[in-house]
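Written below as structure tokens is the structure these notes are about.
The values are calculated or read from the model by the stated rules, or taken from the named source; none is laboratory data. This is a predicted model, so every value here is computed, not measured. Because the Cβ atoms are built from the backbone with ideal geometry, glycine has one as well, and the counts that use them run over all protein chains shown.
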Amino acid sequence: MRRVCVVVTARPSYSRIKTALEAIAEHPELELQLVIAASALLDRYGTAARYVEEDGFDVAARVYMVLEGENPTAMAKTTGLGLLELATVLDNLKPDVVVTIADRYETIATAIAAAYMNIPVAHVQGGEVTGSIDEKVRHAVTKLADLHLVSTEGARRRLERMGEDPSKVVVTGCPSIDLAAEVAKDPALDFDPIAKYGGVGTPVDLAAGYLVVMQHPVTTEYEDARRHAFETLHAVAGAGLPALWFWPNVDAGADGTSNAIRTFREIEQPERMHFFKNMRPLDFLRLLANCRCLVGNSSAGIREGSYLGVPVVNVGSRQAGRERGANVLDAPYRRDAIRRAIDAQLEHGPYPGETLYGDGQAGRRIARELARAELTIDKKLTY
């Protein structure tokens, strides 16, 4: 029985790996060791850990590692604290392989701890290009990893150009697309998001259509996060539709984004905005599938949005260079440009779905590769 330790560190990480967790838990040759860490444990960021447990997963360990500050220094120190704590957890669990996800600073702490402890590292979503520090982290984790479970053919080619052994790079698709595929079979919005999740703001009528907004700070532009959020807030408020706005993640600049939201609510008193911390992955995707447009800079618009054919206005540089489908329209951090892009997407309407990031079978493929792969430490001696 191969022990597979998966470290989930943030609310998007759970949706990015949920179907793989299910497939690993069901696989007869694998034992799942699930570790929940960082902002996934914190109420102010939606307590993803609660949804993990409600979905029936046993949590092997919890790692509290987030330092307050939402600035680059706090991110660096959180990474160091995570490295210390995760090393202890891995020493206790003694996994045969550690799975780390995407490009966050908690991800690199996981990869460093495992690599120095001579535990093979499997990296999900390597080889992608994005803006800010995230791309550096993603590529650094690639060099620490021994098995690469990538989402797209473009990512595979990029890893091979980076010198990774082609036999260790497998295109599985993104597990979040598995959830999108499930929603696409029956996309009806079968719940009231405000009744189910509460949130903050005036009640809104979704019957005539609505926007979903997800804007996170950009770590290399964190001092501008407040100004960037204000531009989007004003553009969305002028679009004439109710907006369901999700709280930013824990990265540097999150305080600026949060402050902009609170200030805008107090001064402008918008009548058609409601704010949420988090939702269950399937509920969020059902909400996304039925919206008129997603606005902001979340990769959800580029990944799940492309599969569901949701019109997306991608604001700013956070997703710069990421492979995207026809559903994405880019806009700079200017309210007039964002508003024009929203209007254009509302006029266009839904797009044909695309399978750029997967076909809905990624979780099973990831479990299969973790079971059959020859998991030896990659010494990177091939040239």
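Mind listing whichever residues of region 88-105 are modelled with pLDDT under 95 and assigned to a helix (DSSP H, G or I)?
At the first step, the residues of region 88-105 found to be modelled with pLDDT under 95 are 102-105.
Correct list: Y105 only.
A quick yes/no check of all residues on (1) in contact with a Lys or Arg (Cβ under 8 Å, 6 or more places away or on another chain); (2) modelled with pLDDT of 95 or more; (3) among the basic types (K, R); (4) farther than 15 Å from L287 by Cβ:
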position	(1), (2), (3), (4)
T202	yes, no, no, yes
G209	yes, yes, no, no
T219	no, no, no, yes
Y222	no, no, no, yes
A229	no, yes, no, yes
V236	no, yes, no, yes
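So is R138 touching a His at 6+ places or on another chain (Cβ under 9 Å), basic (K, R) and either assigned by TED's automatic domain parsing to the domain that holds I366 or farther than 17 Å from I24 by Cβ (or both) or not? Considered against the rule, which asks whether it is touching a His at 6+ places or on another chain (Cβ under 9 Å), basic (K, R) and either assigned by TED's automatic domain parsing to the domain that holds I366 or farther than 17 Å from I24 by Cβ (or both), R138 comes out as yes.
Can you find a residue in region 74-87 that is of a type in the set (A, V, I, L, M) and in a loop (DSSP other than H, G, I, E, B)? Looking for residues that are of a type in the set (A, V, I, L, M) and in a loop (DSSP other than H, G, I, E, B), one finds none in region 74-87, hence no. Within the option set S317, S258, being in a helix (DSSP H, G or I) and either within 23 Å of D103 (Cα to Cα) or assigned by TED's automatic domain parsing to the domain that holds V137 (or both) holds for one residue only, S258.
Note on region 60-89: among residues that are free of Cβ contacts under 8 Å to residues at least 12 places away in the same chain and among the polar types (S, T, N, Q), the one that is farthest from D224 (Cα to Cα) is T88. Within region 320-342, the set of residues being in a loop (DSSP other than H, G, I, E, B) and of a type in the set (G, A, S) comprises A320, G321, G325, A326.
For L32, the conditions (1) modelled with pLDDT of 95 or more; (2) under 27 Å from A373 (Cα atoms); (3) in a helix (DSSP H, G or I); (4) not β-branched (V, I, T) are fulfilled apart from (3).
Across region 15-59, which residue is nearest to N92 (Cα to Cα) among those that are in contact (Cβ under 8 Å) with a residue 60 or more places away in the chain and either of a type in the set (G, A, S) or not assigned by TED's automatic domain parsing to the domain that holds L86 (or both)? Among those that are in contact (Cβ under 8 Å) with a residue 60 or more places away in the chain and either of a type in the set (G, A, S) or not assigned by TED's automatic domain parsing to the domain that holds L86 (or both), it is A37.
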